[in-house]
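Engineer: To start, I am sharing the structure in question, which I have written as structure tokens.
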Amino acid sequence: MAEITNLGAQLDQSRIGSEAQRTVEGGAAARASAVPQLRSGTVVEGQVLSRNADGSYDVRLNLPGGARTLLARATIDLIVGENFRAVWDSSGQDVPLLRLSQSELSLLTKMPLADREMATAMLARGMPLSGEIMKAVKDAWRRMGKDPEQLGPLLELWARDLPLTEGNAKLLIWYSALSSESANAIWARVKRELKRRTAGGENPVDVLRNLKEGDDDTGRFLRGHSMLLKAPRDDVNAVLLEAPTWPARDDMRNMTARVFLGRVKEEGDRRYWQMGFAVEGVKLGLVGGEAESDGRSYNLNLYAERPDTCEFLQRKRGAIRDELEGVPLALQFIGVSRIIVGGLRRGLLSERGLDITV
């Protein structure tokens, strides 16, 4: 895990995680309000990422060359998280216009107002707008007094097939509110305790389990971390869920990485482990990857959403290999290709997470 975090540092990923993703996408939209190859009159499909103070929107369009984040206005009010189909109009305007009609909007705007808050939160996490899901989460939320702060954590719990309890929701709220400095301080305590107790002959898994069951901040942190390490259900996009906080180097206190882990996969007589990860940076955008290992060697496949980032990673293959020399497994292959956000989880397993989920 340290090698992956250091790799993110080498690639100059200065801010990552779900909050950074929104910042990066908004910044990208401000810099790229027009697409030269996108002609007026083109029918486009996409999603609303955010609404700006001047009434414009940051939108992600699904274009033939890949997803692009742009700045646009719209003929009718849109809701953050809304999926839409519109006509692109960039004729004679500083900011292009999305021409929509009510009939072209998705299910969200046709829902009762009372359900839109939950539906928007579900869309933001890439969850399907299923009545069954909404009922399960709504019932649990109602039992808790419909505290707005608990809606997001309840959806995170459902996405990972975890119990929808008030205790679990409050634990995720506490975990998510920790600053990077606080999280790294707790990680430092965990590492010191592991080193001290394993030096005395204790099993490291038993040490982690004991720490996780504690009533102090270390125990709460490890329990919350384990929840976010649980791989999501198959129909949920892991990239859009809350990210567990991993320790960073001392000079990178604000860095976190999202890591999605799976158990053993078998193909014929071949047995191997898979791990997926994604980081979001200001300069390179979304970079993700999958590592596969049979316990002796491993392959690394890197994905970049932006074409220029993909080319950069291809040029840096040698530097990446050098950076990973300290891993006690033989690196067989490094692949670099483009990928769209929604496809990042493709191929990953949906079993229980590994590492400190004990």
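Engineer: Tell me, yes or no, whether segment 36-46 has at least one residue that is at pLDDT 55 or above, of a type in the set (Ser, Thr, Tyr), in a loop (DSSP other than H, G, I, E, B) and not assigned by TED's automatic domain parsing to the domain that holds Pro148. Don't jump to the end; show me each part of the working.
Structural biologist: If we filter segment 36-46 for residues that are at pLDDT 55 or above, which is where we start, we get 37-46.
With the extra rule that they be of a type in the set (Ser, Thr, Tyr), the set shrinks to 40, 42.
Next, only the ones that are in a loop (DSSP other than H, G, I, E, B) stay: 40, 42.
Next, only the ones that are not assigned by TED's automatic domain parsing to the domain that holds Pro148 stay: 40, 42.
Among the residues of segment 36-46, at least one is at pLDDT 55 or above, of a type in the set (Ser, Thr, Tyr), in a loop (DSSP other than H, G, I, E, B) and not assigned by TED's automatic domain parsing to the domain that holds Pro148, which makes the answer yes.
Engineer: Mind listing just one residue for me: the one in segment 144-165 that is crowded, with 16+ Cβ neighbours inside 10 Å and among the charged types (D, E, K, R) and, of those, farthest from the chain's Cα centre (by Cα)?
Structural biologist: So, considering only residues that are crowded, with 16+ Cβ neighbours inside 10 Å and among the charged types (D, E, K, R), the one farthest from the chain's Cα centre (by Cα) is Arg160.
Engineer: Scanning for something in the same structural domain as Leu162 (by TED's automatic domain parsing), more than 19 Å from Leu154 (Cα to Cα) and at pLDDT 80 or above, does segment 228-242 turn up at least one residue?
Structural biologist: Taking every residue of segment 228-242 in turn, none turns out to be in the same structural domain as Leu162 (by TED's automatic domain parsing), more than 19 Å from Leu154 (Cα to Cα) and at pLDDT 80 or above.
Engineer: Within segment 199-222, track down each residue that is surrounded by fewer than 18 Cβ atoms within 10 Å (Cβ to Cβ) and in contact with an Asp or Glu (Cβ under 9 Å, 6 or more places away or on another chain).
Structural biologist: Listed by number, the residues that qualify are Asn210, Thr218, Gly219.
Engineer: If Asn184 satisfies every condition in (1) in a helix (DSSP H, G or I); (2) within 21 Å of Ala231 (Cβ to Cβ) but one, which is the exception?
Structural biologist: Every condition holds for Asn184 apart from (2).
Engineer: Then there's this: Under 7 Å between Cβ atoms, at least 6 apart or on separate chains: pull out the pairs that start in segment 190-216 with a residue that is in contact (Cβ under 8 Å) with a residue 60 or more places away in the chain and end on any residue that is among the basic types (Lys, Arg) and surrounded by 11 or more Cβ atoms within 10 Å (Cβ to Cβ).
Structural biologist: That search, which allows pairs on different chains as well, returns Lys212/Arg223.
Engineer: Please work out which one of (1) over 29 Å from Trp141 (Cβ atoms); (2) buried (at least 18 other Cβ atoms within 10 Å of the Cβ) is the condition Ala183 fails and give its number.
Structural biologist: Answer for Ala183: the failing condition is (1).
Engineer: Can I ask one more? Can you list the strands (runs of 3 or more DSSP E) found entirely within segment 66-128 that contain at least 1 residues being closer than 30 Å to Trp158 by Cβ, modelled with pLDDT of 75 or more and not β-branched (Val, Ile, Thr)?
Structural biologist: Details: elements: 66-74, 83-89, 97-99.
So the answer is 66-74, 83-89.
Engineer: Same structure again: Buried (at least 18 other Cβ atoms within 10 Å of the Cβ), part of a helix (DSSP H, G or I), modelled with pLDDT of 80 or more and in the same structural domain as Leu155 (by TED's automatic domain parsing): does that describe Ala136? Even if it seems obvious, please write down each step before you answer.
Structural biologist: Details: buried (at least 18 other Cβ atoms within 10 Å of the Cβ): no; part of a helix (DSSP H, G or I): yes; modelled with pLDDT of 80 or more: yes; in the same structural domain as Leu155 (by TED's automatic domain parsing): yes.
No; evaluated as a whole, the condition is false for this residue.
Engineer: Could you list all residues from segment 154-181 that are assigned to a helix (DSSP H, G or I) and of a type in the set (A, V, I, L, M)? Reasoning before the result, please.
Structural biologist: Quick first cut of segment 154-181, residues assigned to a helix (DSSP H, G or I) only: 154-159, 166-177, 180-181.
If the condition is that a residue be assigned to a helix (DSSP H, G or I) and of a type in the set (A, V, I, L, M), then Leu154, Leu155, Leu157, Ala159, Ala169, Leu171, Leu172, Ile173, Ala177 are the ones that fit.
Engineer: Here is a further query. For Asp216, which of the numbered conditions (1) touching a Leu at 6+ places or on another chain (Cβ under 9 Å); (2) among the charged types (D, E, K, R); (3) closer than 23 Å to Ala243 by Cα fails to hold?
Structural biologist: (1)
Engineer: Another question, then. Inspect all residues belonging to segment 51-65 and state whether any of them is among the basic types (Lys, Arg) and at pLDDT 85 or above. Give the steps one after another, and end with the answer.
Structural biologist: Step one: of segment 51-65, the residues among the basic types (Lys, Arg) are 51, 60.
Within this subset, residues satisfying the condition of being at pLDDT 85 or above are 60.
For segment 51-65, residues among the basic types (Lys, Arg) and at pLDDT 85 or above: present.
The values are calculated or read from the model by the stated rules, or taken from the named source; none is laboratory data. Predicted model only: the values in this text are computed from it and were never measured. Heads up, the Cβs are rebuilt from the backbone with ideal geometry, glycines too, and the neighbour counts pull from every protein chain shown.
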